[in-house]
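The values are calculated or read from the model by the stated rules, or taken from the named source; none is laboratory data. What you see is a predicted model, and the numbers here were worked out from it, not measured in a lab. FYI the Cβ positions are ideal-geometry reconstructions off the backbone, even for glycines, and counts take in every protein chain you see. Heads up: the accessible areas ignore ligands, DNA and RNA and are worked out on the full protein's heavy atoms, side chains in. Shrake-Rupley method; radii C 1.70, N 1.55, O 1.52, S 1.80 Å.
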Amino acid sequence: VDAFQAWCGPCKTVVDLFRKIRNEVGSDLLHFAVAEVDSIDALEKYRGKCEPVFLFYTGGELVAAVRGVNAPLLQRAVVEQL
């Protein structure tokens with residue numbers, strides 16, 4: 001989940017990376033979403049930051065988070081969580 005704030009917008013710079021990873025691993029295993037933290041109370045702790053936060057969930061549980069746009073770190077986190 002790309003957790004973002006309305007004033008900053010979702011992180012468009014990693015969309016291509018996510019598409020590449022999804023094509024490599026298959027669409028059945030991996031799902032991407034965006035969430036505006038200003039409108040979701042459960043994500044309140046991510047408000048007020050100027051960097052995006054990428055949240056990784058498995059079975060409805062938060063299992064990892066990556067702060068900032070670091071393509072190698074994001075790719076490694078996706079692969080590790082799969």
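Just subtract the alpha-carbon distance of residue 7 and residue 65 from 0.36 nm times their residue separation and send over the number in nm, one decimal.
Details: separation 58, 0.36 × 58 = 20.88 nm, distance 2.11 nm.
This chain segment gains 18.8 nm when fully extended.
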Legend entry - Separation of the residue 42 and residue 80 label points, Cα + 7 Å toward Cβ, nm: 2.3
Inset, instruction - Compare the peptides 71-82, 56-67 by average per-residue count of other Cβ atoms within 10 angstrom and give them in order, highest first. - result: 71-82, 56-67
Inset, instruction - Would you mind computing, in nm to one decimal, how far apart the modelled labels at residue 16 and residue 33 are, each placed 7 Å from Cα along Cα→Cβ? - result: 2.7
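What number comes out for accessible area per residue over the stretch 2-81 if the probe is 1.4 Å? Units Å², please. Can you show the working numbers first?
Working: 5140 Å² over 80 residues.
For the stretch 2-81, the per-residue accessible area is 64 Å².
Using a 1.4 angstrom probe on heavy atoms only, work out the carbon and sulfur share of the accessible area of the chain in %. Working shown, then result.
Numbers: 2770 of 5280 Å².
Answer for the chain is 52 percent, counting heavy atoms of protein chains only.
Count charges around residue 73 for me, please; just the other residues with Cβ under 14 Å from its Cβ, Lys/Arg as +1, Asp/Glu as -1.
Numbers: positive: 67, 76; negative: 51, 80.
With Lys, Arg at +1 and Asp, Glu at -1, the neighbours total 0.
Quick one: compute a quarter of the convex hull surface over the Cα atoms of the chain and quote it in nm².
Values: hull surface 20.6 nm².
So the mean shadow area of the Cα hull is 5.1 nm².
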